[in-house]
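*Asks:* So that we are looking at the same thing, I have put the structure below in C-alpha cells.
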Amino acid sequence: MSPDFTWSTVRLLGATEVTYTRRGQRSTSELLALAFRQAVDQAGLHAKDIDGLGVASFTHTPDRAIDLAWKLGLQPRWIMDDSNGGASGLNILQHAIRAVQAGDAHAIAIVAGDHFEAEDFRRLVENYNQTTRDHLRPLGAGSPNQVFAMLTAAQTRTLGLERADYGALVMRQRQWAALNPQAVYRAPMSLDDYLNAPDVAWPLGRLDCVPVVDGANAIIVTRQDHAAAQGKPGITVRALRSLHNIDDQQGDGLSTGLARLGPQLWPESGLSPADMDVVSIYDDYPVMVLAQLQDLGFFQPQDAKRFIHDQIATGRLALNTSGGQLSAGQAGAACSLHGLVEVVRQLSGQAGERQVAQARYGLVTGYGMVEYRYGMCSTALILEALS
C-alpha cells in the first residue's frame, strides 16, 4: 500500500503505565521492559510483531535503544533514542507516526521510564546540560526549583495571581489523583495543607514541586489497516506540532513554543480549546501549566484568576485527570508519555472512576529541557476517539 501521510491513518494502542513508586526496586531497564510487555499484551500483539522501538530515559545510560531491543529480543527496522526531557515521548511519537505511514515499520513501541537512586537524581540535576554544570552549579543554583521559582514570581505579577490561586490548581489535581489507583499521592489536600507546606524556593512550597518517583509508560503506534487495530477503540491523531528553542533563552520564560504552535495546531485539527473533553498539560510546576494553557488560547491574561477558579478548580476543564505529575509523581522521562497515556485511556473509556463522560477529543502537551532560564522544547498533540 502506498504511503498516506494524513493523520487519520494513525492508530495508538496499548497505552500503559508501570505503576509509579517511591524508591522502587526495579532498574530502569526492567521498568522499560515491563512497560513494553504490558503495552504489547494490551495491544493484542507479540514481541515479534514489533519492528520499531523508541526509548526516552535519563538513567538508561550507558545503554541505548538498541541495547533494550537486544534484551527484548527485537529486530527493529526503525529505532530512536530521545532524551529531551518532558518533550521526549511526543518527539518520538512524531517520528514514529511518519515511519509507520511511510512503511518503514508496521508497529512501533515507544517506551519511557526511569529509576532513580538518590545519587542518580543529584547527578542528573547538577549535570543536566553543560550550561547547568558550568554556570549554574557553581552558583548553587543548579536545581530547577530555583529557576521555576523565579518564573512563578514573575507570573504572579503578570497575571495578578496569589499563592492560593496556584493552590486551587494543585488541589484539583490531587482530587483527580484520589480517583487514580496508580497515583503515588492520593491523600486529600486542603488549601491550608498547600499554603503551609515547607518552603522550597520562594514562592514555591513543597506541593508546587513534582515528587521524584520511579516508573515507566509505553504506547504502540500502528496504521489503521494493521490487524491489531481492528476491533479496538480507534484513537487517532488530529494534529501534532513541535517547536523548540523559540527565542534563544532571551524571552521571559512565561511564553512557550506553544504560543506559536497554536495558530497552526487548532486550524489543522479543525477544533478549538472549547472542544477539548480532556487535557493533559505537562505539569512540572503549576506556573508552566498556566503558561501552556494561556499560550494555547484557553484564557486571556486578564482572565487568569477567573479561569483557574471557574474552569480548573471546578473540574469543568478536565485537566490532568491522572493527578498529573504533581500528584501521580514524576518518573523522569516516563512523564513525557504520562499525559499521552492518560488521554488515550480517557478517550478509550478506560479511566475507571475518573472517566470523563463521552470524551472524544483530547489535548496533550510536552515541555522541557531547561537551558539556564526555562524549558526550550514544546510539543502539542490533539487526539480523537473514532466512533
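The values are calculated or read from the model by the stated rules, or taken from the named source; none is laboratory data. Owing to the predicted nature of the structure, the values given are computational and were not obtained by experimental measurement. Please note: Cβ atoms are built from the backbone with ideal geometry, for glycine as well, and neighbour counts cover all protein chains shown. These accessible areas exclude ligands, DNA and RNA; they are computed on the full protein's heavy atoms, side chains included. Shrake-Rupley method; radii C 1.70, N 1.55, O 1.52, S 1.80 Å.
*Asks:* Starting at the first residue of the stretch 353-368, write each ³J(HN,Hα) from the Karplus equation 6.51 cos²θ - 1.76 cosθ + 1.60 with θ = phi - 60°, in whole Hz, x for Gly and Pro.
*Replies:* 4, 8, 4, 7, 4, 6, 5, 10, 10, x, 10, 10, 10, x, 8, x
*Asks:* Under a 5 Å amide H to amide H cut-off, with H placed in plane at 1.01 Å, what residues pair with Ile246 once short-range neighbours are removed?
*Replies:* When sequence neighbours closer than 5 places are left aside, there are no close amide H contacts.
*Asks:* Quick query: amide H of Gly205 versus all other amide H atoms, modeled in the peptide plane; which residues come in under 5 Å with a sequence gap of 5 or more or a different chain?
*Replies:* Here the answer is Val200, since their amide H atoms fall under 5 Å of that of Gly205.
*Asks:* What are the ³J(HN,Hα) couplings of the stretch 248-255, residue after residue, when phi is run through the Karplus curve with 6.51, -1.76, 1.60 and θ = phi - 60°? Round to Hz, x for glycine and proline.
*Replies:* My calculation for the stretch 248-255 gives 6, 6, 9, x, 8, x, 8, 10 Hz in order.
*Asks:* Provide the net charge surrounding Val221, with neighbours chosen by a C-beta distance below 11 Å and charges set as Lys +1, Arg +1, Asp -1, Glu -1.
*Replies:* Values: positive: Arg11, Arg98, Arg223; negative: none.
Computed value for this residue: +3.
*Asks:* Residues with beta-carbon under 13 Å from that of Asp303, excluding Asp303: net charge, scoring Lys, Arg +1 and Asp, Glu -1?
*Replies:* Details: positive: Lys305, Arg306; negative: Asp165, Asp310.
Its environment carries a net charge of 0.
*Asks:* Then there is this: Please give the per residue accessible area of the chain, computed with a probe of 1.4 Å over protein heavy atoms only, in Å².
*Replies:* Values: 15440 Å² over 387 residues.
Dividing the accessible area of the chain by its residue count gives 40 Å².
*Asks:* Let me ask something else about it. Using a Gaussian network model of the chain whose springs link C-alpha atoms within less than 10 Å, name the residue from Asn320, Asn217, Asn84 with the highest mean-square fluctuation.
*Replies:* Among Asn320, Asn217, Asn84, the largest GNM mean-square fluctuation belongs to Asn84.
*Asks:* Another question about this same structure. Which of these, Ala102, Ala153, Ala227, has the largest mean-square fluctuation under a Gaussian network model of the chain (Cα springs below 10 Å)?
*Replies:* In this elastic network of the chain, the residue with the biggest mean-square fluctuation among Ala102, Ala153, Ala227 is Ala227.
*Asks:* Right, next: Taking Cα pairs under 8 Å and at least six residues apart, what relative contact order does the stretch 216-359 come out at, in percent?
*Replies:* Values: 138 pairs, mean separation 40.3, N = 144.
Result for the stretch 216-359 is 28 percent.
*Asks:* Which percent of the accessible area of the stretch 306-387 is formed by carbon and sulfur heavy atoms (probe 1.4 angstrom)? Don't jump to the answer; show the numbers that get you there.
*Replies:* On the way: 1040 of 2360 Å².
Answer for the stretch 306-387 is 44 percent, counting heavy atoms of protein chains only.
*Asks:* Let me ask another. Pull out the extension gain between Asp248 and Gln358, defined as 0.36 nm times the separation in residues minus the alpha carbon to alpha carbon distance; nm, one decimal.
*Replies:* Extending this stretch completely gives an extra 35.4 nm.
*Asks:* Also: Sequence neighbours fewer than 8 away in the same chain don't count; with that in mind, list the lysines whose C-alpha is under 30 Å from Lys232.
*Replies:* Lys48, Lys71
*Asks:* Here is a further query. Which whole-number percent is the relative contact order of the chain (Cα, under 8 Å, 6+ apart)?
*Replies:* Values: 873 pairs, mean separation 102.6, N = 387.
Value for the chain: 27 percent.
*Asks:* Still on this structure, I have one more. What residues have an amide H closer than 5 Å to that of Leu53, excluding those fewer than 5 places away on the same chain, when H is modeled at 1.01 Å from N in the peptide plane?
*Replies:* Trp78, Ile79, Met80, Ala109
*Asks:* Whenever you get a sec, compute what percent of the accessible area on the stretch 249-293 sits on carbon and sulfur atoms (1.4 Å probe). Please report the intermediate quantities before stating the final value.
*Replies:* Values: 630 of 1340 Å².
After summing per-atom areas, the C and S share lands at 47 percent.
*Asks:* Taking Cα extents along the principal axes in Å as the quantity of interest, determine which of (i) 79, 48, 41; (ii) 56, 43, 40; (iii) 77, 56, 43 was computed from the displayed structure.
*Replies:* (ii)
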